[in-house]
Each structure stands twice: as structure tokens, then as C-alpha cells.
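In what follows, a structure is listed as C-alpha cells, so that the remarks can point back to it.
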Amino acid sequence: MPLDTQPHPTACLALADGTLFYGYGFGATGQTTAELCFNTAMTGYQEIMTDPSYAGQVVTFTFPHIGNTGVTPEDDETGDPVARGMVVKWDPTEPSNWRATERLADWLAARGRIAIGGVDTRRLTRAIRQQGAPHVALAHDPEGNFDIEALVAEARAFAGLEGMDLAKEVTCAQSYRWDEMRWAWPDGYPKLEDPKFKVVAVDYGAKRNILRCLASVGCDVTVLPATATADEVLAHNPDGVFLSNGPGDPAATGEYAVPMIQDVLKKTDLPVFGICLGHQMLALALGAQTIKMNHGHHGANHPVKDLETGKVEITSMNHGFAVDSQTLPEGIKETHVSLFDGSNCGIAMTDRPVYSVQYHPEASPGPQDSFYLFERFAAEMAKRAS
């Protein structure tokens with residue numbers, strides 16, 4: 001039913017400060033609590049909702065046309081949506097895309113995710129930018145019955161992401177092999193048939209397309225759970241170690257991830273490459289610190305400068321914590337910075353092939369400026385083997 005013909009609001013977004021946004025619900029019914037962020041990407045809403053880095057968050061989409069291309073299983077970054085809900089300007093229209101297999105609303109409902117449409121997302125985004133990422137309660141009731149006091153109380157009671165180790169909630173339960181490469185017309189996802197390198201990927205919440213990018217540069221990938229030890233990693237005799245993206249507070253995940261990384265660096269000279277939470281884990285392991293950002297970086301249009309080449313890349317980002325570049329120890333250099341706010345976006349050891357970036361270079365969704373990082377990782381492994 002179009003928004004302007006619905007008789008009354010059927011969804012409510014309550015912020016912890018008591019601010020209320022009414023709209024029209026779609027997807028699952030019920031309610032959830034989370035941290036609220038906004039994402040500026042114009043495409044890729046399905047990839048965003050299934051990105052494990054959004055665990056514990058409700059996503060506000062600043063682009064109004066969300067749902068118009070439907071959904072397809074090929075675009076899932078993990079098995080089910082990980083973000084707890086979505087907020088959009090307009091009610092999703094019928095999908096118009098030859099790849100679509102399902103409507104967004106039906107897809108969300110089948111997977112227990114709540115969404116609200118008809119919200120002034122410009123006003124909401126300004127509030128997030130000015131006040132920081134708020135804690136919220138999101139409710140969808142077809143009858144429009146809401147206990148506002150209870151919703152605000154639940155938003156205020158939400159513990160927040162600081163101190164939360166969410167990697168354990170989204171990591172794989174057991175190890176597995178990955179050989180699927182990036183999507184290509186007309187065959188979809190081809191299989192890697194002639195691998196050149198053995199890579200262990202530590203899964204803190206890995207997106208499938210990141211694993212595909214590794215396979216596309218010749219990596220036979222073995223994925224291990226986030227809690228894997230250095231001995232478990234090295235038992236596979238890898239040519240390189242990859243540290244994946246993921247959600248939550250890096251300091252909390254670092255309780256077990258940092259000792260593993262330090263042990264790997266101590267015992268071997270393997271190339272190590274980290275992305276997003278993996279970047280933060282590497283920084284902590286090397287002696288730096290991380291900080292909580294006001295509203296984070298979430299979008300597919302973030303300019304990042306490579307300090308070594310002067311090149312500016314347009315990147316996909318999704319993070320609410322950042323590496324504090326002022327705490328980088330001797331022997332660790334800053335390689336990339338955000339041109340939005342100057343925050344750290346990359347580090348590298350000065351004497352070893354160990355490096356990481358804050359953004360998501362696999363472009364799912366988003367631009368493809370940064371694929372060279374996977375090629376660099378492969379080149380370092382080839383160099384070590386020669």
C-alpha cells in the first residue's frame with residue numbers, strides 16, 4: 001500500500017534522547033534495539049544489510065530509492081542479514097531488475113529484520129552527525145500500537161558497541177575452504193582452478209566478496225574462526241595470512257586476536273594483510289590504540305589518499321572505530337588517510353610485508369579503485385616464494 005494511503009503509522013523509531021520518528025513498517029514485525037548509523041551509498045543495500053560489520057546496528061539509508069532493484073541470493077555477503085534493521089525515506093517500490101528474485105520487504109520479513117519507511121532521513125542523518133550515533137529502539141506493529149515510554153527505555157538500556165566483542169557472533173563455526181572468484185558476465189562466480197598461493201583468512205566477520213577477491217588473485221583460501229590460535233593458523237603452512245573485516249569494539253576482540261597476530265609475526269615472516277576490523281587488530285597487535293568515532297564512516301563514496309603515491313581512491317567504508325594514528329609506534333607508518341576528516345585509513349610495517357587498510361577494497365558495494373591491494377598481497381607472497 002502506498003505510504004500516502006496508509007491510515008496510520010505502523011512503525012516507530014525511538015531514540016534514547018526521547019526523539020521519535022514515525023513511519024510505515026515493512027519486513028518483519030516486532031522490535032529491536034541497536035546503535036543507529038547512516039550509509040550514503042546509492043547502490044548495494046542488500047550487500048550492506050548482509051555485511052557482518054553491521055552487527056548490532058540499524059542502518060539509515062540516505063539514498064531514497066532503496067528496494068527498487070529487489071534482491072538476489074548472488075549478492076548476499078553472508079547467509080542472512082546481519083544489520084538489525086533499516087530506515088528509509090520512501091516505501092520500496094516493486095523491483096525492476098533482471099537479476100531480482102525477491103522483493104526487499106519479503107526478503108526482510110523471511111529473515112526477521114524490521115524496516116521503517118516514510119522517515120525524514122535528512123533530519124535523522126543530521127542528528128547522527130551532530131550528536132553521534134544514538135542508541136535506538138525500532139518497532140513495527142501493523143496495528144500501530146506503541147508503548148512509547150517502553151521503547152525509549154529500551155533504547156536507553158542498550159549497552160552500546162563499546163566493549164562488545166561481536167566478532168564471535170558472526171564468525172564461522174568451523175574452518176572451510178573458499179575457491180569462488182569475483183562475479184563475471186555471463187557465468188556468474190567462476191571457480192579458481194589453478195591456485196598459486198595458500199592463504200589462511202581469519203574470519204572476524206568476512207564478506208564473501210573479500211574472499212572472492214583473494215581467490216581472484218590466485219589464493220587457495222582456508223577460512224578459520226576468529227578465535228583461531230597462531231599454531232592453528234600456521235598448521236596450514238600458508239604463504240600469507242589475511243585478517244578480515246568485522247563488527248564491534250576492536251579492543252574487545254583484541255583480547256584473543258592480538259596475541260594470535262603477535263605470535264604469527266614473531267614466528268614467521270609471512271605477508272599479512274588486514275581489512276577493517278582486521279586493520280584495527282593488526283594495529284593493536286603492533287602497539288597502537290583504537291578510538292570510538294562520533295558517527296563513523298559508512299558509504300561507498302569516501303575519498304582516501306595514499307600517502308606514498310599521492311593517489312586519491314574512492315572507497316567503500318563501514319566502521320565506527322578507528323586506529324589512532326598518534327599512537328603508532330616506531331617502525332609502523334601511516335599509509336592512507338581519509339580526506340573527509342583526516343582519520344587513519346591504512347598502516348604498514350616499514351621493514352616487512354605487513355599492512356592493512358580501514359576501508360573495504362573489494363567494492364561490494366562501491367568503487368573498484370582499491371583492488372590493487374589484493375594484487376599487492378599476491379605479489380608479496382610470490383616474492384617470498386622466489
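Some notes on this structure:
- The range 1-113, dipole about Cα centre (Lys/Arg Cβ +1, Asp/Glu Cβ -1), debye to the nearest 20: 240 debye
- In units of the compact-protein estimate 2.2 N^0.38 Å, the range 209-277 shows a Cα radius of gyration of 1.09.
- Cβ charges +1 (Lys, Arg) and -1 (Asp, Glu), total dipole of the range 276-386, debye: 160 debye
- Over the chain, relative contact order from alpha-carbon pairs under 8 Å, at least 6 apart, %: 15 percent
- Furthest towards positive pole of dipole, V223, G18, S343, structure part the chain, Cβ charges: S343
- Modelled FRET efficiency - R0 51 Å, M349 with D80, Cβ distances, 0.05 increments: 0.90
- Convex hull volume per residue in cubic angstrom - Cα atoms of the chain: 129 Å³
- Cβ-Cβ FRET estimate between T72 and Q174, R0 fixed at 25 Å, reported to 0.05: 0.35
- The coefficient of translational diffusion for the range 1-148, derived via Stokes-Einstein from the alpha carbon Kirkwood radius under 4 °C and 1.567 mPa s, stands at 86 µm²/s.
- Dimensions (Å) - the range 80-208, Cα atoms, principal axes, largest first: 59, 41, 29
- Just so you know, the Rg over Rh for the range 269-332 is 0.98, from Cα atoms, with Rh as the Kirkwood radius.
- Antiparallel DSSP beta bridges within the chain, as percent of all bridges there, nearest 5: 60 percent
- Within-9-Å neighbourhood charge of L161 [Cβ basis; K, R +1; D, E -1]: -2
- Helical contribution to [θ] at 222 nm, DSSP H n ≥ 4, -39,500 (n - 2.57), averaged over the chain, rounded to 500: -7000 deg cm²/dmol
- Rounded to the nearest whole angstrom, the semi-axes of the ellipsoid equivalent to the range 205-339, taken from the Cα gyration tensor as √(5λ), stand at 24, 18, 15, largest first.
- More than 17 angstrom apart: percent of Cα pairs within the range 296-369: 41 percent
Each value in this text was obtained by applying a stated rule to the coordinates, not by laboratory testing. All figures in this text were calculated on a predicted structure; none of them were measured in a lab. Glycine also receives a Cβ, built like all others from the backbone with ideal geometry; neighbour counts cover every protein chain displayed.
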